[in-house]
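First the structure, in the form of structure tokens, and then the observations on it.
The values are calculated or read from the model by the stated rules, or taken from the named source; none is laboratory data. Small disclaimer: the values here were computed from a predicted structure and weren't measured. Cβ placement follows ideal geometry from the backbone for every residue including glycine, while neighbour counts extend to all protein chains displayed.
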Amino acid sequence: MTRFLEILPDSVSLIERAKTLILGQISTVLQTSDYFTIVLAGGNTPKPLYDCLAKEDLPWQRIHVFWGDERYVPKDHPDSNQCMARSTWLGHVQIPSDNIHPISTDSGDPTVDAQKYQEHLRDFFQQDWPSFDLVLLGMGDDGHTASLFPRTQALKITDRLVTLGNKGTDPRITLTLPLINLSNRVIFLVTGENKRPALAHIFADQCDQSDYPSRSIEPRGDLWWLLDESAGAELKK
Ligand code: 6PG
């Protein structure tokens with residue numbers, strides 16, 4: 001793994017930088033692969049990035065979109081990560097519906113839907129342990145990422161691609177650490193002063209990874225941390 005840290009002046013320049021990295025990687029990967037696989041982050045930070053990507057003229061037939069986690073709500077619920085990505089991006093581009101691979105929350109049982117997503121991934125990639133081209137991640141102010149929350153059972157799962165990652169009593173479905181760490185690139189998008197304390201722990205020489213799960217993200221390829229000044233000012237020193 002090669003780690004890159006960039007602190008951008010503000011969230012607008014961070015989104016622009018992320019877009020440049022993503023478009024560059026799509027172009028590079030599609031020179032030698034039939035398709036590009038990207039895993040989306042939920043939350044608020046990526047929304048303007050998805051808005052920007054909706055304006056790009058890309059080979060959508062060769063781009064496949066997955067999710068890193070999903071809140072266990074209906075797909076049209078305002079908290080749904082799928083709903084957010086479709087409304088900001090996927091609903092505005094000519095991407096085939098078969099290229100969109102949401103985490104289903106239809107069965108009523110998160111365990112069942114987590115297993116179904118794992119089966120879907122294995123069927124799509126025809127591999128037991130697939131490697132995504134790119135995983136986008138956010139980070140909570142407690143250091144969680146995807147739905148891998150501090151001191152939860154999800155952090156210990158090593159034999160599955162997808163598991164439950166509950167936020168308190170809210171059920172969530174999440175990709176597991178070993179699957180995320182098989183990816184060729186991870187880009188963290190982190191903005192806001194409220195993220196500073198967790199970042200200080202994550203970038204310290206020693207860090208308890210169970211307290212700050214984002215520290216456990218060590219992809220096979222490269223790891224990009226894109227921070228705005230508000231989030232990353234302390235790391236500049
Ligand atoms: C989610 C995300 C979660 C998010 C962080 C940061 O489903 O909410 O997967 O991990 O990326 O909580 O969220 P913000 O971008 O809103 O700060």
Look through the stretch 168-197, keep the residues that are at pLDDT below 95 and either among the polar types (S, T, N, Q) or more than 18 Å from residue 112 (Cα to Cα) (or both), and return whichever of them is farthest from the chain's Cα centre (by Cα).
169
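Working only within the stretch 39-62, note down all residues that are surrounded by fewer than 22 Cβ atoms within 10 Å (Cβ to Cβ) and hydrophobic (A, V, I, L, M, F, W, C).
Step one: list which residues in the stretch 39-62 are surrounded by fewer than 22 Cβ atoms within 10 Å (Cβ to Cβ), which gives 43-44, 47-48, 50-52, 54-62.
Correct list: 52, 54, 58, 60.
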Please go through the stretch 139-180 and pick out each residue that is farther than 19 Å from residue 120 by Cβ and within 11 Å of the ligand (Cβ to nearest atom).
139, 140, 141, 142, 143, 144, 145, 148, 149, 167, 170
Residue pairs meeting the criteria (Cβ under 6 Å; at least 6 apart or on separate chains; first closer than 21 Å to residue 153 by Cα, in the stretch 201-223; second in a loop (DSSP other than H, G, I, E, B) and among the aliphatic types (A, V, I, L, M))
214/139; 218/1; 219/1
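Just for the stretch 126-147: of the residues that are hydroxyl-bearing (Ser, Thr, Tyr) and buried (at least 23 other Cβ atoms within 10 Å of the Cβ), which one is farthest from residue 69 (Cα to Cα)?
Initially, the stretch 126-147 is screened for residues hydroxyl-bearing (Ser, Thr, Tyr), giving 131, 145, 147.
Next, from what is left, pick out any that are buried (at least 23 other Cβ atoms within 10 Å of the Cβ): 145, 147.
On the way: 145: 9, 147: 6 Å.
Per the criteria, the residue is 145.
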Cβ-Cβ below 8 Å, separation at least six or inter-chain, first residue in the stretch 104-119 and within 16 Å of residue 80 (Cα to Cα), second part of a helix (DSSP H, G or I): which pairs?
104/113; 104/116; 104/117; 105/113; 106/113; 107/113; 107/116
Residue by residue through the stretch 46-76, note down the ones that are under 21 Å from residue 132 (Cα atoms), touching a Leu at 6+ places or on another chain (Cβ under 9 Å) and within 14 Å of the ligand (Cβ to nearest atom).
46, 49, 50, 66, 67, 68, 69
Output for the stretch 38-68, where each listed residue is more than 17 Å from residue 99 (Cα to Cα) and not in a loop (DSSP other than H, G, I, E, B):
47, 48, 49, 51, 52
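Go through 79, 106, 98, 123 for me and flag whichever is at pLDDT 95 or above, within 23 Å of residue 192 (Cβ to Cβ) and surrounded by fewer than 20 Cβ atoms within 10 Å (Cβ to Cβ).
Numbers: 106 fails: within 23 Å of residue 192 (Cβ to Cβ); 98 fails: within 23 Å of residue 192 (Cβ to Cβ); 123 fails: within 23 Å of residue 192 (Cβ to Cβ).
Checking each option against the conditions leaves just 79.
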